[in-house]
Amino acid sequence: MDDAGLFSGGPNPILLVVVPLGFAFALPLIGFVSKKILKYIPVGVFMFNLVVALRLLPLVLKQPILVEIGGFSPPFCINLVAGPVGILFSALIALAGLLVAVYTLVYIKEGPEEKYHILYLLLLTAATGVVLTGDIFNLFVFFEILCISSYTLVAYVGNRAGIESSVKYLIQGAVGSSLLLIGIGLLYGLFGTLNMADLARQIVSVGSSSAFIPMAFMITGLGIEAAIFPLNSWLPDAHSSAPSSVSAILSGIAIEVGLYAVVRILFTLFGLSSFFLFFVFLGVLTLLIGEMCAFSQNNIKRMLAYSSIGQIGLILFAFAIATAYAVTGGLFQMISHTLGKGLLFLAAGYMIVRSGSMEISSLKGMGKRMPLTALAFTIGAFSLVGLPPFIGFPSKFLIIRSALAEEALIFNILIGLILLGTVIEGAYFFRVVQVIYFQKENEHQKRHEAPVAALIPMFLFMIAIVAIGIYPKLVTGILDSAASELLDRVDYIRSVIQ
Amino acid sequence: MVFSQVIHFLQNHIYYIGAFGLIFIGLLIILVKHNLIKVIIGLSILETGVNLFLIAVGYISNGTAPIFSNPSVETQRMVDPVPQALVLTAIVIGVAVLALALSLAIRLYQHYGILDLRQIREQKW
């Protein structure tokens, strides 16, 4: 690894990928020494990652940091591009990974725990790798690590539902990865390079329409992982049958990383602005389908999974408007969704453990039985619906405002549909909150709160949601420069290929 | 005349035709077969097709290995090594996916006693 004076001060961004990867494979060895400390390792690793990412954040706002692997200079090497987008996502992944790892300390009690922690580390390593890499084939490799570890984690419990949804997820995901690989092969055949900046430069010079077929292959392949309608039929099964801690990561991180890859390929690689209207429609369609299906669910985890589809639709809509405001809004909504959905899945996880059922009707009286968890669920739900003073309000507000800035009549209709989707979202979330707080349970049960180690991450999620909701300026500066990195292809190309 | 043109076309594009043939066969098996094992075989064929396609991208007929230290080899005849490196990686990934798929198939069979995907539908929209 050669950093040849490209950046000064601050830790090397490659640590974000290398440290979790190394610990993932060192876990079995550490297991020989002591089985008890295994579950604390993800906590330590992601704390480290969070510190590294937060230290890098002010540096990359000035100038993106390039890491060249193998001592060659781009476009001949595999390189990491730690721009504002990459480091923002790395920090988000590390934060969610840390909090969920703390929750896991008490939540995962049975099954092959050692393998759980290995796969958990691999999943988040791969997610970090996808957002940091500047090489399209490297992106594919990290993506495959992400997919394989999530197939396995979905089947972790090993019950009928888990295995069945894992098989479905695997078949669809493997077809998607093959399509992505065909797209990469076509791109390599056309341009003879795999570096994203170099590819983008060559596509700029020949015109993006010539690369339409590889783009279609790649977007379709990645769309499966990103759960864009109509490629999302695996998602509700997989997210609802996985253990709740895994669902929080799959919903909060995995599909957003998929969407990041779609956006990176659309914006930086191809820049096909004439196609964005198609994605605007696709986003609204995904939103409406997801929210309507969520509304008709009786199973709380399936409801949350469908709600993730809806949120992905909203984020896709925001990105496809492709103005600086809208992309900022999309990134903001990604943060809001990671925090909100993570909190919801964590809270729902322990409510399901206590009630012994995933049916919404079995959550009656949870407001009395586990008041803190119920409060966490309520805050997550209110935030996702977009009520002030939670983080969901400024993010949704930004998206709607940027859509209103588009003069075309069609956008007014689409905004109407999105607000309709939000109303449906409100309806099903408030219904659950109503069941939790106001429906009398049949027999009175004693108060039995979730354990402290599960409450702490929920509490930290709540603090983040409320803090950013009240004071959005905490993140908007970073989001603005991240949005300009995504929108400004020429600048990206120049920053990688000097 | 037309015949020789067709032959010429086939000669130049036979690897691409073969690769996409395999890809479509694999996709077709995945879409129409109901037995999970057959679907996994389809996945395998699909991956083979993709790998063959990647190799074909970098292939030159009568090419040689790209060893620059060997002066007797002219650079025009060197095969592009990058797609081959990609294919090696893709094969390894494919093996991992297939192994996982087969082990999941075993677990699925333990739970349901059947591999027919039409009858395994407890999870639905």
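Tabulated data
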| item | result |
| --- | --- |
| Enumeration of residues in the range A:79-125 that are among the charged types (D, E, K, R) and in a helix (DSSP H, G or I) | A:113, A:114, A:115 |
| Pair list, Cβ under 6 Å, 6 or more apart: the range A:427-440 residue under 13 Å from residue A:360 (Cβ atoms), other residue among the hydroxyl-bearing types (Ser, Thr, Tyr) and crowded, with 19+ Cβ neighbours inside 10 Å | A:433/A:378 |
| Residue ID - farthest from residue B:117 (Cα to Cα), chosen from residues in the range B:41-62 that are more than 8 Å from chain A (Cβ to nearest Cβ), β-branched (Val, Ile, Thr) and in contact (Cβ under 8 Å) with a residue 24 or more places away in the chain | B:55 |
| Within the range A:131-161, tally of residues that are touching a Lys or Arg at 6+ places or on another chain (Cβ under 9 Å) and not aromatic (Phe, Trp, Tyr) | 5 |
| Residue within the range A:372-385 that is surrounded by fewer than 24 Cβ atoms within 10 Å (Cβ to Cβ), at pLDDT 90 or above and within 20 Å of residue A:415 (Cβ to Cβ) present | yes |
| Residue B:73 being in contact with a strand residue (DSSP E or B) (Cβ under 8 Å, 6 or more places away or on another chain), more than 9 Å from chain A (Cβ to nearest Cβ) and among the aliphatic types (A, V, I, L, M) | yes |
| Condition met for residue A:170 (within 10 Å of chain B (Cβ to nearest Cβ), under 22 Å from residue A:486 (Cβ atoms) and surrounded by 24 or more Cβ atoms within 10 Å (Cβ to Cβ)) | no |
| Selection count where residues are in contact with an Asp or Glu (Cβ under 7 Å, 6 or more places away or on another chain) and either surrounded by fewer than 19 Cβ atoms within 10 Å (Cβ to Cβ) or among the aliphatic types (A, V, I, L, M) (or both), scope the range A:484-498 | 1 |
| Of residues in the range B:103-116 being outside any helix (DSSP H, G or I) and out of contact with any helix residue (DSSP H, G or I) (no Cβ under 6 Å at 6 or more places or on another chain), the one surrounded by the fewest Cβ atoms within 10 Å (Cβ to Cβ) | B:113 |
| Of all residues in the range A:179-204 being over 18 Å from residue B:27 (Cβ atoms) and β-branched (Val, Ile, Thr), the one that is nearest to the other protein chains (Cβ to nearest Cβ) | A:193 |
| Complete set of residues in the range A:400-455 that are in contact with a Lys or Arg (Cβ under 8 Å, 6 or more places away or on another chain) and closer than 30 Å to residue A:326 by Cα | A:422 |
| Residue B:120, sole failed condition from (1) over 18 Å from residue B:36 (Cα atoms); (2) within 9 Å of another protein chain (Cβ to nearest Cβ); (3) aliphatic (A, V, I, L, M); (4) outside any helix (DSSP H, G or I) | (1) |
| Meets criteria (of a type in the set (Val, Ile, Thr) and either within 11 Å of chain A (Cβ to nearest Cβ) or touching a Lys or Arg at 6+ places or on another chain (Cβ under 8 Å) (or both)) for residue B:32 | no |
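Matching residues to (1) acidic (Asp, Glu); (2) within 8 Å of chain B (Cβ to nearest Cβ); (3) surrounded by 24 or more Cβ atoms within 10 Å (Cβ to Cβ):
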{"position": "A:119", "(1), (2), (3)": "no, no, no"}
{"position": "A:122", "(1), (2), (3)": "no, no, no"}
{"position": "A:128", "(1), (2), (3)": "no, no, yes"}
{"position": "A:134", "(1), (2), (3)": "no, no, yes"}
{"position": "A:138", "(1), (2), (3)": "no, no, no"}
{"position": "A:142", "(1), (2), (3)": "no, no, no"}
{"position": "A:152", "(1), (2), (3)": "no, yes, no"}
{"position": "A:156", "(1), (2), (3)": "no, no, no"}
{"position": "A:160", "(1), (2), (3)": "no, yes, no"}
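The values are calculated or read from the model by the stated rules, or taken from the named source; none is laboratory data. Just so it is clear, the structure is predicted and the values come from calculations on it, not from any experiment. Methodologically, a virtual Cβ is constructed for each residue, glycine included, from the backbone with ideal geometry; neighbour enumeration extends over all protein chains shown.
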